[in-house]
There are 2 protein chains.
Amino acid sequence: MRLFDETLEVLNLGLGTFADAIETAGGRAIRIEWAPPAAGDHAAGQALARLVNDARVEAANRTAFAAYLAAQPVLEGIAPAREAVPGMDGRRILHAGPPIAWAHMCGPMQGAIIGAILFEGWAADPGSAGHLAASGEVAFAPCHHHGAVGPMAGVISPSMPVWIVREATRGRRSFSNLNEGLGKVLRFGANGAEVIARLRWMAGPLCRVLDATLRQAGGIELKPLIAQALHMGDEVHNRNAAATSLLLRRLLPAMLQSTAGRDDITGAVTFIAGSDHFFLNLSMAACKAMLDAARDVPASSMVTAMARNGVAFGIQLSGTGDRWFTAPAPVVDGLFFPGYSTADAAPDLGDSAITETAGLGGFAMAAAPAIVNFVGGTPDDAIANSEAMGHITLGRNGGFTLPAMNFTGTPAGIDARLVADTRLLPVINTGIAHREAGIGQIGAGITHAPPDCFAQALVALAAALPDG
Amino acid sequence: MRLFDETLEVLNLGLGTFADAIETAGGRAIRIEWAPPAAGDHAAGQALARLVNDARVEAANRTAFAAYLAAQPVLEGIAPAREAVPGMDGRRILHAGPPIAWAHMCGPMQGAIIGAILFEGWAADPGSAGHLAASGEVAFAPCHHHGAVGPMAGVISPSMPVWIVREATRGRRSFSNLNEGLGKVLRFGANGAEVIARLRWMAGPLCRVLDATLRQAGGIELKPLIAQALHMGDEVHNRNAAATSLLLRRLLPAMLQSTAGRDDITGAVTFIAGSDHFFLNLSMAACKAMLDAARDVPASSMVTAMARNGVAFGIQLSGTGDRWFTAPAPVVDGLFFPGYSTADAAPDLGDSAITETAGLGGFAMAAAPAIVNFVGGTPDDAIANSEAMGHITLGRNGGFTLPAMNFTGTPAGIDARLVADTRLLPVINTGIAHREAGIGQIGAGITHAPPDCFAQALVALAAALPDG
């Protein structure tokens, strides 16, 4: 009973209200920030306890992270998806994010699929295209299931040209569609005549010019190009102004020396030079290639994909293969174009979070202070985001350095354990689509991967781990 | 005599050794940093006393700075210097920096002039070219005397093509030669067969393509392009990677739509795409245009030119017109290429300090953290340089914002009074030439304008000012 006679000196773990009471009563409390592991999710907490400091997980993560670092994505060519992408047969359309049935898709994704059906000529008008999509006679699959990635709706149909990126150390190929520019575009769900006409031109003259150019140029290593763009204010997700310019500059001599005709070249160059986002899809394919190199390492808690279909946000871990762990897609907090607000926005959408998964985009925001003009915040916030991501990643990518952080490598290799443990969520720079098809982009901003994905993934990873 | 009985409490102005003695003797001294105005230069100090807080100088500086801010340099065309540059008649060769006689020129400048004579066909070999140069039969004049600027040796001869930049608010034209790329080049004093052959190709096919392109494109505003490059890691003096890419991207559609032939276009594009420095000469011509707009405002202490000829460093003030104030050119402290050191370096050389005079280059270093890979230091030093230059400038240029400094405008409009008063010297990013002709660039680094130029300029400005 001496306790009540002595001056109270208390260490307060977690909730500060206990310390408040002690201090009010004249006692002294030292506050220690604490919260239950995995935010109190019992199963995830148990899984975390098993996975933290497990030597097998550490070793697996070293293997996966080393494979990611060693990967060398090389732009090899361009071809219709039907020819380039394995399994792209019959009436099959790929989309962004984890799997989702037609009936549950968000507006922009349904709009983009209707556009793809019109582009393929499988239906003559939007009404019949919608019926066809709902009939079950078109197969839908995530881009990720075919080694591909696509921004926003991420819709790829068999006749669309795709970039072919070869990961040089293992020979595996990744794919992405071509960027259509801004305004009324398929990836935001627009499917009017001008959109279909542009897609046909892209599948025709543009694809021909780029094919001839890449045949003339040989392979183009994408990592050095991305590294240079990071020194020129891009984070290669929402800002690709430098990377697009560098790509064009790299392609041009070969383009002019190629067999392509002058009119086609003029059209292609005018199109590419007119869009700061043209490089985005190549950035995504390169990131996909780097992360696919880190796949399928048993026991690894490294995240190999983050992707959104406008309804669900899904992640994959190296140690759990192709399994998705999903949670509702969040709404993006950002800067809206005049006349629009959060109420108009589709939830988070697109495979483009593959850039963040690879340590770029939001993770490399310190490289791109001017991005805040687009996604909001201040240049200091941009640096703070890159610094924060260092707490949930396996290491630094010395191939991608951040000048504003004294040329530190960008934080990369998200460890699902660290996300659950620190409750710091991966930050993602992204565009915002209108929730209805066809209206297009209405803003851009910053979002975070939902914590539930990581909790589920840890439970699955722990369950797959034999008792050690 | 009570002083000796009391505890000593002393305010110590300037030299700290007096305070040291007082403290050693047990007294207390508060140290106030102070130095004689104009570093003790009596005449300059007198001039400074007259010019500081003189309402006429303040008003004149507002006028000059406003004219600099309002200037709109537009790339208008390209033509041989003989046709474009006023007064470029007969056997006349322009060079960098303030006036200098042949016999006193540094090695790289003599080498470049010999090259220009060979290029013009005025002599058949370097020996006779040197004799011709020494004979007095070739007129030499600073580029600045003809509205022009040239990097390093800055040599412009009548048959060389020049960029023509028109300042849209006043219609005055500025000029610069074309950048030859790196390696053995005329501007570093090389004059071998490959150098002359390249100059002939530049005066022929390259000039033809660019002429056809600019006729097709119409005028190209250079300030928005520079502003964008500052958001992409350039300071548009020693780093022009983004600006060159943006320029190429801007020119290409017009180039392809122009009358230029495909082989010439391929050659031009390959050449431009191969050099990160191609934009430098346009940056310089744009800066010259902005500063010429601020010239000849009586009583203004704003610096309108800083230029070096490898022997002398010269400045001009708005209020003293075309008069040069010179001091020995400093040696550049920087990063040397392997095998070279300060002992091999020519003193500071070139008109390129016109970029710093316009608030770019070293003044905008905060925009270009990656420049430190080239000129030495850390990204924090780069920001510190931009911050320091804010103490010697008349204002900020809101058209050129610095992302790393939360989008503050770059400090611009050097006030010679503030330089003399604060003894903060204008910082200049620059290349370093070998002191002998023909060896070329041996490094790059940071230098400072010598204080004597500013002291002399203030004396002259004060002398020209009627008693107020």
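For residue A:312, list long-range residues whose amide hydrogen, built 1.01 Å from N in the peptide plane, is under 5 Å from its own amide hydrogen.
Placed amide hydrogens put A:329 under 5 Å from residue A:312.
Counting only C-alpha contacts under 8 Å and six or more residues apart, can you give the relative contact order of segment B:73-285 as a whole percent?
Values: 401 pairs, mean separation 56.2, N = 213.
Once normalised by length, the contact order is 26 percent.
Other chains' Cβ within 10 Å of B:247-254 residues: what's the mean?
Details: counts 1, 5, 12, 2, 1, 10, 8, 2.
Across B:247-254, the average partner-chain Cβ count within 10 Å equals 5.
Place the label 7 angstrom along Cα→C-beta at residue B:4 and in each other copy, then list the distances from the first to the rest in nm, shortest first.
7.4
Shortest first, in nm, what separates the label point of residue A:125 from those of the same position in the other copies (7 Å along Cα→Cβ)?
8.6
May I ask what percent, to the nearest 5, of DSSP beta bridges between residues of segment A:72-285 are antiparallel? The partial results should precede the final answer.
Values: 15 of 21 bridges.
If I count the DSSP bridges inside segment A:72-285, around 70 percent turn out antiparallel.
In chain B, which longest range has no GluC sites (Glu not before Pro) that are both DSSP loop (not H, G, I, E or B) and surrounded by at most 13 other Cβ atoms within 10 Å? Provide the component values of the computation, followed by the final result.
Working: sites that count: B:6, B:33, B:137.
Result for the longest clean stretch: B:138-468.
Let me check I've understood the local charge: for residue A:47, count other residues with C-beta under 12 angstrom from its C-beta, Lys and Arg +1, Asp and Glu -1. What total comes out? List each step's numbers first, then the result.
Details: positive: A:50, A:417; negative: A:41, A:54, A:421.
Counting the neighbours of residue A:47, the net charge comes to -1.
Using the number of other C-beta atoms within 10 angstrom as an exposure proxy, rank B:246, A:69 with the fewest first. Don't skip to the answer; put the middle values down first.
Working: B:246 24, A:69 20.
With the fewest neighbours first, B:246, A:69 line up as A:69, B:246.
Once amide H atoms are placed 1.01 Å from N in the peptide plane, what residues at a sequence separation of 5 or more from residue B:162, or on another chain, have their amide H within under 5 Å of its amide H?
Placed amide hydrogens put B:79, B:81 under 5 Å from residue B:162.
Anything in chain B that counts as a DSSP H helix reaching 24 Å or more along its axis (C-alpha) with Kyte-Doolittle mean of at least 0.0? List them, would you? Mind showing how you got there, number by number?
On the way: long enough: B:241-257 (25 Å, 0.96).
Those that clear 24 Å and a mean of 0.0 are B:241-257.
If each residue's Cβ is checked for other Cβ atoms within 10 Å, how do A:302, B:160 rank with the fewest at the top?
Values: A:302 30, B:160 25.
Exposure proxy ranking, most exposed first: B:160, A:302.
Per-residue HN-Hα couplings for segment B:295-312, Karplus 6.51 cos²θ - 1.76 cosθ + 1.60 at θ = phi - 60°, whole Hz, x for Gly and Pro?
So the J values, rounded to whole Hz, are 6, 6, 9, x, 6, 7, 9, 6, 7, 9, 7, 10, 8, 10, 10, x, 10, 10.
So how do B:188, A:4 line up by other beta-carbon neighbours within 10 Å, fewest first?
Details: B:188 30, A:4 6.
Ranked by crowding around the Cβ, least crowded first: A:4, B:188.
Just to confirm the numbers: residue B:339, label point 7 angstrom along the Cα-Cβ line, distances to the other copies in nm, shortest first?
Computed spacing set for this position: 6.4 nm.
Quick check: the distance between the Cα centres of segment B:22-82 and segment B:391-468, to the nearest angstrom?
Here the answer is 10 Å between Cα centres.
Residue by residue through segment B:176-187, what is 3J(HN,Hα) from phi via Karplus (6.51 cos²θ - 1.76 cosθ + 1.60, θ = phi - 60°)? Round to whole Hz and write x for glycine and proline.
8, 6, 9, 6, 8, x, 9, x, 6, 9, 4, 5
Under the classification rounded if a/c is under 1.5, otherwise prolate if a/b is larger than b/c and oblate if not, where does chain A fall, given a ≥ b ≥ c as square roots of the Cα gyration tensor eigenvalues?
prolate
So, counting K/R as plus one and D/E as minus one, what does the shell of residues with Cβ under 11 Å around residue B:454 add up to?
Working: positive: B:417, B:423; negative: B:41, B:415, B:421, B:452.
My count for the surroundings of residue B:454 gives -2.
Cross-link candidates for residue B:288: which lysines have Cα within less than 23 Å, leaving aside residues fewer than 8 places away along the same chain?
In chain and number order, the partners are B:223.
Per DSSP H run of n ≥ 4, the term is -39500 (n - 2.57); total these for chain B, divide by its residue number, and report the mean residue ellipticity at 222 nm rounded to 500 deg cm²/dmol. Could you put the intermediate results ahead of the total?
On the way: 17 runs with 173 residues, N = 468.
Calculated at 222 nm, the ellipticity per residue is -11000 deg cm²/dmol.
When Lys and Arg each count +1 and Asp and Glu each count -1, what net charge do the other residues less than 9 Å away from residue A:301, Cβ to Cβ, add up to?
Numbers: positive: A:417; negative: A:415.
Local charge sum for residue A:301: 0.
If you restrict to DSSP beta bridges whose two residues both lie in the protein assembly as shown, what percentage is antiparallel, to the nearest 5?
Values: 90 of 112 bridges.
Here the share of antiparallel DSSP bridges comes out near 80 percent.
Which of the three applies to the protein assembly as shown, rounded, prolate or oblate, going by the alpha-carbon gyration tensor with a ≥ b ≥ c and a/c under 1.5 meaning rounded? Walk me through the numbers before you get to the answer.
Details: a/c = 2.33, a/b = 1.33, b/c = 1.76.
It comes out oblate by the Cα gyration axes.
Could you tell me the largest-minus-smallest coordinate of the C-alpha atoms of segment A:72-285 on each of the three principal axes, in descending order and whole angstroms?
47, 37, 30
Which of B:10, A:226, A:320 sits closest to the plus end of the dipole of the protein assembly as shown, meaning its Cα is farthest towards the positive end, when Lys and Arg get +1 and Asp and Glu get -1 on the C-beta?
Checking the options against the dipole of the protein assembly as shown, the answer is A:226.
Using modelled amide H (1.01 Å from N, peptide plane; none on Pro or chain starts), what sits under 5 Å from the amide H of residue A:333, excluding residues fewer than 5 places away?
Hits under the 5 Å cutoff: A:446.
Take every Cα pair under 8 Å in chain A that's 6+ residues apart, average their separations, divide by the length, and report that relative contact order as a whole percent. Show your work: numbers first, answer last.
Working: 1149 pairs, mean separation 90.5, N = 468.
Result for chain A is 19 percent.
The numbers here are math on the coordinates, done by the rules we state, and not lab data. Predicted, not measured: the structure shown is a model, and the values here were computed from it. Ideal geometry is used to build each Cβ from the backbone, glycine not excepted, and the neighbour counts take in all protein chains shown.
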